[in-house]
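To keep things clear, I will list the structure first and then write my remarks on it.
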Amino acid sequence: MATLDEAVPPGEVQDAPADPRRRDYLAIGAVAWAGVGAGVIALPLINQMSPSADVLALSTTELDVSAIQPGQSIKATFRKQPLFVRNLTPKEIAEADATPVSDLRDPQTLEDRTKPDKKNWLVTLGVCTHLGCVPLGAGEGENKGPFGGYFCPCHGSAYDTAGRIRSGPAPTNLTVPEYEFISDTTIRVG
Amino acid sequence: MSFPWAKQYEPKHPLMKWVDDRLPLPRFVYNAVGAGYPVPRNLNYFWNFGVLAGMFLALQIVTGIVLAMHYAANAGIAFDSVEHIMRDVNAGWFIRYAHANGASMFLLVVYIHIARGLWYGSYKAPREMVWLLGVVIFLLMMATAFMGYVLPWGQMSFWGAQVITGFFSAIPGVGETIRVWLLGGFAPDNSALNRFFSLHYLLPFVILGVVILHIWALHIPGSNNPTGVEVKSEQDTVPFHPYYTAKDGVGVGVALLIFAALIFYAPNLLGHPDNYIPANPLSTPAHIVPEWYFLPFYAILKAFTFDFLWIPAKLWGVLAMFGSILLLFFLPWLDTSPVRSANYRPTYRIFLWILLVDVLVLGYIGGAAPTPAVILIGQIATIYYFAHFLLILPIVSMMERPRPLPNSITEAVLAGKGGTSPAQTALATE
């Protein structure tokens, strides 16, 4: 294949343009600027898909936990997802502490997953980390699974009393959302 | 392009001549699906399925546009609006059942269309572009079908959306951010439902566009045929109209009979009862399964239960599931045999049948509860699926000794073997 330059018949005067030519500069500049414009316009088109203000407004939830007795748990809603708040019994705390951390798929201690001096309050999302089902175990009489915590009926992931993954396909422990105790009996999640 | 002997469009009426001089649209149609398109004379009924897929796409668009006139894409009332269609809208039950079962029929004929392409080597040179565009259509169909299934906002809709968008959370690092961006929230809700509806309305028209490209690309080399031997002369072909319009008409009749039987006698056969329960973000159905046409891919997703090479099981599953479809893009280059039709490929043929069984097994596993035995079978079937394309196909292509090909389509037809279907070949070899 002949290149364009070689294709010029011999004998014809080749008008060698200055390199780079002024016209190239203008063309590249104009197209580049149009590209910047397209990029700027694309931003709101992409960003409109992010959670809107009313969705984000739900991203903080306050909960009164005073009525939850040891051994009980409640299902609340946080960001339209289930939230489990559980008041662990001393036995459940002991079980969680007795588990060697090195045996865990996602090594965390109960202390890592609770607030200082509030070791009995386990606050997790009720969303299985496998494919997002709601595990059982927070409701009265539900199957708590072989490790006494939560049990996901979809693909059989079992969580212990600290909400840590112990068996089944889920990759990580139940997510502990950001939260804080704003009084002894009230938590603010998010 | 066409063969030199293709009939030329000759407008008879002065008005048509006037139109043809200014916008040759009738000429375009004549050359595409009329008497101006010469087609191999030996096509069997497996060549109906392209037209059938086109018909079901058209039916889905028509019923879908009508349903959109009555449906409300708002998480608060979506479920009720679907019940309103079922109970209050005149013939609403019929239109909705036609749309829901039409999706199944569309996927069914497309699966047969793909299998036809695999058997007769329709993906090979010079038709690679036809195949690549076909895989694009298939991907678009899967996205459209999934988003359509979310719209009734029942339990399966909601939890299907949760699980499928959860795939994106498997991406390391940015996965959760992407998932939240796609959903417009932290869990499927009104924003997700609205955008799914918008895209569910858009994508069929994108599919239509790619279908036009698919047919355009097909008409450059012309249709493949059961012998896989290229057209050599005019006597190898017949005009598309009236020969194959008539033959396709038979297939259309049969397909519509099956379609009607589904709509009128078993409209919920392929659906899930759980989807007649309104979406409840706080309660998961005991057994989440996708629609039947996704089951083989769901089985591949579920086959990965262990971490391997620093990659977590969940990411493996997602990669394998997408990989199982993206692999099809490479098929024209994985199969290096110069012989197209499996009718003349004694070894390839056996492995193709095994692949078909393998996909059916995956389909069963995808819908089964995950007991240890089911997981193991799913893993073996998944390995086989990938092995077929990545190992068996290249090796068979090199080792296999194909049967002698006929010199021409006409010779094969006159010898009585022109339009052999897989079943006939299987019988003949036994």
Review point. For the stretch A:128-167, which residues satisfy the criterion of being touching a residue at least 60 places away in the same chain (Cβ under 8 Å), open to solvent by less than 10 Å² (accessible area, probe 1.4 Å) and either more than 14 Å from chain B (Cβ to nearest Cβ) or on the phi > 0 side of the Ramachandran plot (or both)?
Key: A:Gly137, A:Asp160, A:Thr161, A:Ala162, A:Gly163, A:Arg164
**Study point:** Scan of the stretch A:174-190 for residues that are outside any strand (DSSP E or B) and of a type in the set (A, V, I, L, M), ordered by number
**Key:** A:Leu174, A:Val176, A:Ile182
Check your understanding: Does A:Leu43 meet the test of being modelled with pLDDT of 85 or more and more than 14 Å from chain B (Cβ to nearest Cβ)?
Key -> no
Point to revise | Hey, A:Ala42 surrounded by fewer than 13 Cβ atoms within 10 Å (Cβ to Cβ) and of a type in the set (A, V, I, L, M, F, W, C) or not | key: yes
Study note, to complete from the structure: Note on the stretch B:137-172: residues more than 26 Å from B:Phe329 (Cβ to Cβ) and outside any helix (DSSP H, G or I) are B:Leu151, B:Pro152, B:Trp153, B:Gly154
Practice item. Report yes if A:Pro171 is assigned to a loop (DSSP other than H, G, I, E, B), at the interface with another protein chain (Cβ under 9 Å from one of its Cβ atoms) and touching a residue at least 60 places away in the same chain (Cβ under 8 Å), otherwise no. Key: yes
Practice item. List the number of the failed condition for B:Ala115; all other conditions in (1) modelled with pLDDT of 95 or more; (2) more than 30 Å from B:Glu230 (Cα to Cα) hold. Key: (2)
Study note, to complete from the structure: Selection from the stretch A:77-127 of residues open to solvent by 10 Å² or more (accessible area, probe 1.4 Å), polar (S, T, N, Q) and closer than 14 Å to A:Leu174 by Cα yields A:Gln81, A:Gln108, A:Thr109, A:Thr114
Practice item. Considering only the stretch B:265-279, state which residues are away from chain A (no Cβ under 14 Å) and in contact with a strand residue (DSSP E or B) (Cβ under 9 Å, 6 or more places away or on another chain). Key: B:His272, B:Asn275, B:Tyr276, B:Ile277, B:Pro278
Review point. Can you tell me which residue in the stretch B:173-191 is farthest from B:Gly154 (Cα to Cα), limited to those that are among the hydrophobic types (A, V, I, L, M, F, W, C) and more than 10 Å from chain A (Cβ to nearest Cβ)?
Key: B:Val174
Study note, to complete from the structure: Note: among B:Leu67, B:Leu52, just one is touching a helix residue (DSSP H, G or I) at 6+ places or on another chain (Cβ under 9 Å), under 23 Å from B:Ile215 (Cβ atoms) and buried (at least 19 other Cβ atoms within 10 Å of the Cβ), namely B:Leu52
Check your understanding: Given the structure, is B:Ala125 within 30 Å of B:Asp274 (Cβ to Cβ) and either assigned to a loop (DSSP other than H, G, I, E, B) or open to solvent by less than 20 Å² (accessible area, probe 1.4 Å) (or both)?
Key -> no
Practice item. Output the residues belonging to the stretch B:265-279 that are in a helix (DSSP H, G or I) and either touching a residue at least 60 places away in the same chain (Cβ under 8 Å) or within 24 Å of B:Met141 (Cβ to Cβ) (or both). Key: B:Asp274, B:Asn275, B:Tyr276
Point to revise | Candidates A:Ala67, A:Ala57, A:Ala53 - the one that is away from every other protein chain (no Cβ under 13 Å) and surrounded by fewer than 16 Cβ atoms within 10 Å (Cβ to Cβ) | key: A:Ala67
Check your understanding: Which is open to solvent by 50 Å² or more (accessible area, probe 1.4 Å) and either away from every other protein chain (no Cβ under 14 Å) or part of a strand (DSSP E or B) (or both), of B:Leu282, B:Leu295, B:Leu213, B:Leu262?
Key -> B:Leu213
**Study point:** Number of positions in the stretch A:174-183 that are away from every other protein chain (no Cβ under 12 Å), surrounded by fewer than 23 Cβ atoms within 10 Å (Cβ to Cβ) and either without any contact (Cβ under 8 Å) to a residue 40 or more places away in the chain or within 13 Å of A:Thr114 (Cβ to Cβ) (or both)
**Key:** 6
**Study point:** Filtered residues of the stretch B:242-263 (kept if over 24 Å from the mean Cα position of the chain (by Cα) and either without any contact (Cβ under 8 Å) to a residue 60 or more places away in the chain or under 21 Å from B:His113 (Cα atoms) (or both))
**Key:** B:Tyr243
Exercise for review: Among residues belonging to the stretch B:331-344 that are touching a Leu at 6+ places or on another chain (Cβ under 9 Å) and assigned to a helix (DSSP H, G or I), point out the one that is farthest from A:Pro169 (Cα to Cα).
Suggested key: B:Tyr344
Exercise for review: Pull up the stretch B:360-415, narrow it to residues that are under 24 Å from the mean Cα position of the chain (by Cα), within 14 Å of chain A (Cβ to nearest Cβ) and hydrophobic (A, V, I, L, M, F, W, C), then point me to the one that is surrounded by the fewest Cβ atoms within 10 Å (Cβ to Cβ).
Suggested key: B:Ala368
**Study point:** Failed criterion for B:Ile311 (all others in (1) in contact (Cβ under 8 Å) with a residue 24 or more places away in the chain; (2) within 14 Å of another protein chain (Cβ to nearest Cβ) hold)
**Key:** (1)
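The values are calculated or read from the model by the stated rules, or taken from the named source; none is laboratory data. Nothing here was measured: the structure is a model prediction, and the numbers come from that model. Note that we place each Cβ from the backbone using ideal geometry, even for glycine, and neighbour counts take in every protein chain shown. The accessibility values were calculated without ligands, DNA or RNA, using every heavy atom of the protein model including side chains. Shrake-Rupley method; radii C 1.70, N 1.55, O 1.52, S 1.80 Å.
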